[in-house]
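Student: Attaching a single structure in structure tokens format; questions to follow.
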Amino acid sequence: MGPDDDRGLRAEGEQLKPPHSNSRSSPRMWIRRVLIVLMTMFLVAPPAVAEDTVGLVDPAAGLWQLRDGNGKITGFFYGNPGDFPMMGDWDCDGVDTPGLYRQSDGFVYLRNSNTQGAANIRFFFGNPGDIPLAGDFDGDGCDTVSIYRAPEARIYVINALGANDGGLGSADLSYVFGNPGDKPFVGDFDANGEDTVGLHRESTGFVYFRNSHTQGNANAQFFFGDPGDRLMAGDWGVIDGTDTPAVFRPSNTTFYFRHTNSQGNADSQFGWGSPEWLPVAGSFGALPGTGPGSGCPVFPANSIWNARVDALPVHTRSAQYVARIGATANVHADLGSGVWPPGSTSPIGIPYVTVGATQPDVPIHFTSWPGESDPGPYPVPANAPIEGGPASSGDRHVIVVDRDDCVLYEMFYAFPNGDGSWNAANGARYDLRSNSLRPAGWTSADAAGLPIYAGLVRYDEVVSGTIRHAIRFTAPETQSAYVWPARHEASSNTDPTYPPMGQRFRLKASFDTSGMSWQSKVIADAMKTYGIILADNGSPWYISGAPDERWDNDVLHELDVIEGSNFEAVDVSSLMADPNSGRVAG
Ligand SMILES: [Ca+2]
Ligand SMILES: [Ca+2]
Ligand SMILES: [Ca+2]
Ligand SMILES: [Ca+2]
């Protein structure tokens, strides 16, 4: 090309240069030409390689749960029960977002962000029974929705989205691949920037794929997965632009990943989800709630708070403890939306507020137990929510999470002062990244000497599909004793048949949660896996959570069917590595 034939690549607004006096290129022009060639290469090269991760969609609830590379899960609702989910980059910005096919009205609904909200575009799709395939079939950086028509084993490749409220465009090409009944999936199996179609044939256990949109034999085939597995492809394990297969196995709710397109065992795996959930895969971008500054752990992963107790032995006094709390007393979820009683200013549950490093520290005046309090100042906003509301005469817990420093502050019986300071009966400070416990014998904002926040049921974790920690609960009368990890007791009753502070219980594995609505089922399942921890004197089997306007109070009442006899006390002593640390042994 001639020295000035590059006008088509000129940046907008750039001044045209005067023509050169001779046809020979100057060194500067050579540099310019090399740059242009490089730019052109980048323009036609595949988009930047990005790690793919997986998500799960609960089709009964329309709940999407996307997992980032660190294992953090963000959940949101999109679509209706029964919708068929997929992920794609519909607006070509590099981020995969939800799409769904609703067979009842024949429409595909696409959304351009990983948040709850309405569809950005919708169009009529194919014939009843067609399977949508999301991918970038022409390598232009934009995902579109193609069709796999199972009875014909024919793929219709469509490289444009349908017009909003219109139909899907006509196919750019079509070809036969596989046998009727094969399960299609989409990926870029040869890293050329263009997605093609693979098939999982359950009868043989083989995965087949082609690297072009032409009829012919598979370019690769290898054994992977079991019948009933749900297959997908993505760039995981080895992030090199090559998509490789993974399965979600409903029978044991485990993802298995292959890092190369060759036969062999899974290279990585993890357990997650529920058998009826459907997997999706993609590059989800920065998910809400997982970005820098909001990703504090709630104590380390090896904290006793975050330890499963479903396989630990039943405590020898289990039956006595359960009887003392109330074998026929019903569970109550002490959390919800709105206020209680009606017309009051009292939200349901124990609220907390999250602050950043810019929140000013204010003096805290301890009015009852200064000797068992961590001294202020604490970064408590003047309008921090108070348990029971501003007028409460109850416990008046105030909880503040500093998301930048990952420090938790909790106060009991707290009142704001006009000068910005607070009075509180006592207060405690916790490093959320540490397994340190309070000094033995010290109280905290809770009677057991434990942090409250760690045991709260929070809406964001329920919407993620799993609660991964013990839940705080109360009992009418406790023993004058505490067990690890508790640090404090609040009783004069020395009868050993009463449960001590810190005692862990779990919902029995035999309790059937399958008929519960999802908000309650997530909580009940957590009570089986992570259990509940006795933290205060109060109403029997009252479990604690944070108020949130998205709670469905009617659904939370489904938990009322659980009664004391459905629980058993758990002996966690085998997990104790050091009585003065929350770290679990091993
Ligand atoms: Ca996008
Ligand atoms: Ca495309
Ligand atoms: Ca390809
Ligand atoms: Ca790869």
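The values are calculated or read from the model by the stated rules, or taken from the named source; none is laboratory data. Predicted model, so just to flag it, every value in this text is computed and none were measured. Cβ atoms come from the backbone with ideal geometry, glycine included; neighbour counts cover every protein chain shown. In case anyone asks, the SASA skips ligands and DNA or RNA and just uses the protein heavy atoms, side chains included. Shrake-Rupley method; radii C 1.70, N 1.55, O 1.52, S 1.80 Å.
Student: Is there a quick way to get the dipole size of the chain? I mean about its Cα centre, with the Cβ of Lys and Arg at +1 and of Asp and Glu at -1; what is the value in debye to the nearest 20? Before the final figure, lay out the partial values.
Tutor: On the way: 39 positive and 68 negative charges, 149 e Å.
Computed charge dipole of the chain: roughly 720 debye.
Student: If you take the charge dipole of the stretch 454-586 about its Cα centre, with +1 on Lys and Arg Cβ and -1 on Asp and Glu Cβ, which of 570, 541, 479 is farthest toward its positive end?
Tutor: So the residue furthest toward the plus end is 570.
Student: Using a Cα-Cα cut-off of under 18 Å, which aspartates and glutamates could be cross-linked to residue 183, ignoring same-chain neighbours fewer than 8 residues away?
Tutor: List returned: 83, 130, 152, 195, 202, 226, 229, 243, 276.
Student: Right, another one. Amide H to amide H under 5 Å from residue 120: which residues, 5+ apart in sequence or cross-chain, H placed 1.01 Å off N in plane?
Tutor: Distant-sequence amide H within range of residue 120: 110, 111, 112.
Student: Here is a follow-up. Does the stretch 319-390 come out rounded, prolate or oblate, given a ≥ b ≥ c as the square roots of the eigenvalues of its C-alpha gyration tensor, rounded meaning a/c under 1.5 and, failing that, prolate meaning a/b above b/c?
Tutor: Numbers: a/c = 2.76, a/b = 1.54, b/c = 1.79.
The shape class here is oblate.
Student: In addition: Calculate, for the stretch 370-509, the solvent-accessible area per residue in square angstrom, rolling a 1.4 angstrom probe over the heavy atoms of the protein chains. Please report the intermediate quantities before stating the final value.
Tutor: Details: 4550 Å² over 140 residues.
Using a 1.4 Å probe on heavy atoms only, each residue of the stretch 370-509 averages 32 Å².
Student: Towards the positive end of the charge dipole of the stretch 391-548, with charges on Cβ (+1 Lys, Arg; -1 Asp, Glu), say which of 499, 509, 425 has the farthest Cα.
Tutor: The Cα lying farthest towards the positive end belongs to 509.
Student: Using R₀ = 30 Å, calculate the FRET efficiency as 1/(1 + (r/R₀)^6) where r is the Cβ-Cβ separation of residue 508 and residue 301; round to 0.05.
Tutor: Working: r = 26 Å, r/R0 = 0.86.
Efficiency, rounded to the nearest 0.05: 0.70.
Student: Can you classify the stretch 258-337 as rounded, prolate or oblate using the Cα gyration tensor, where a ≥ b ≥ c are the square roots of its eigenvalues, rounded means a/c under 1.5, and otherwise it's prolate if a/b beats b/c and oblate if not? All intermediate terms of the calculation are to be shown ahead of the outcome.
Tutor: Values: a/c = 2.37, a/b = 1.73, b/c = 1.37.
Verdict is prolate for the stretch 258-337.
Student: When a/c reaches 1.5 or more, the comparison of a/b and b/c decides; with that in mind, is the stretch 189-253 rounded, prolate or oblate per its Cα gyration tensor? Write out the running numbers ahead of the final one.
Tutor: Numbers: a/c = 2.60, a/b = 1.30, b/c = 2.00.
Oblate, since a/c reaches 1.5 and b/c is not below a/b.
Student: With all protein chains present, how much of the accessible area of the chain (probe radius 1.4 Å) comes from carbon and sulfur, to the nearest whole percent?
Tutor: Details: 13070 of 25210 Å².
Using a 1.4 Å probe with all protein chains present, the chain comes out at 52 percent carbon and sulfur.
Student: Using Cα pairs under 8 angstrom and six or more residues apart, how large is the relative contact order of the chain, in percent? Numbers along the way, then the final one.
Tutor: On the way: 1444 pairs, mean separation 68.2, N = 586.
Computed over the chain, the figure is 12 percent.
Student: A further question on this structure: Give the ranking of 570, 555 by solvent-accessible surface, highest area first, calculated with a 1.4 Å probe. Before the final figure, lay out each step's value.
Tutor: Details: 570 0, 555 25 Å².
Ranked list, largest accessible area first: 555, 570.
Student: How big is the antiparallel share of DSSP beta bridges in the chain, given as a percent to the nearest 5? Intermediate results must be reported in sequence, preceding the final value.
Tutor: Details: 93 of 110 bridges.
If we restrict to bridges inside the chain, about 85 percent are antiparallel.
Student: Right, here's the next one. So for each of 92-104, 187-199, 69-81 I average, over its residues, the number of other beta carbons within 10 Å; can you give me the resulting order with the highest mean first? Write down the numbers at each step before the final one.
Tutor: Working: 92-104: 19.1, 187-199: 21.2, 69-81: 16.9.
Ranked by mean Cβ neighbours within 10 Å, highest first: 187-199, 92-104, 69-81.
Student: Right, another one. Expressed as a whole percent, how much of the Cα-Cα distance distribution for the chain exceeds 47 Å? Walk me through the numbers before you get to the answer.
Tutor: Values: 49585 of 171405 pairs.
That fraction is 29 percent.
Student: I need to check one value: relative contact order of the stretch 142-212, counting alpha carbon pairs closer than 8 Å and at least 6 residues apart, in percent.
Tutor: Values: 123 pairs, mean separation 15.1, N = 71.
After rounding, I find 21 percent.
Student: May I ask you to list the trypsin sites (Lys or Arg not before Pro) in the stretch 460-541 that are in a DSSP loop and have at most 16 other Cβ atoms within 10 Å of their Cβ? Walk me through the numbers on the way to the answer.
Tutor: On the way: sites: 468, 472, 487, 504, 506, 508, 521, 528; in loops: 468, 487, 508.
Those satisfying the criteria are 468, 508.
Student: Further, regarding this structure: Mind grabbing the accessible area of residue 121 for me, 1.4 Å probe, Å², rounded to tens?
Tutor: Near enough 40 Å² of accessible area.
Student: On to the next question. Using a 1.4 Å probe on the protein heavy atoms only, what accessible surface does residue 147 show? Give it in Å² to the nearest 10.
Tutor: About 10 Å², ignoring ligands and nucleic acids.
Student: May I pose another question? Mean Kyte-Doolittle of at least 0.0 and a Cα length of 20 Å or more along the axis: which whole DSSP H helices of the chain meet both? Walk me through the numbers before you get to the answer.
Tutor: Details: long enough: 27-44 (26 Å, 1.38).
For the chain, where a helix must reach 20 Å along its axis and average at least 0.0, the hits are 27-44.
Student: Counting other C-beta atoms within 10 Å, and keeping those with at most 11, which DSSP coil GluC sites (Glu not before Pro) do you find in the stretch 546-586? Spell out each step's value before the answer.
Tutor: Values: sites: 549, 558, 563, 568; in loops: 549.
Answer in residue order: 549.
Student: Can you give me the long-range amide H partners of residue 367? Hydrogens built in the peptide plane at 1.01 Å from N, cutoff under 5 Å, separation of 5 or more residues or another chain.
Tutor: 424, 425, 426
Student: Percent relative contact order of the stretch 184-239, based on C-alpha pairs within less than 8 angstrom and at least six residues apart? Mind showing how you got there, number by number?
Tutor: Working: 89 pairs, mean separation 16.0, N = 56.
So the answer I get is 29 percent.
Student: Note down the nm distance, to one decimal, between modelled labels 7 Å out along Cα→Cβ at residue 219 and at residue 204.
Tutor: Roughly 1.9 nm, to one decimal.
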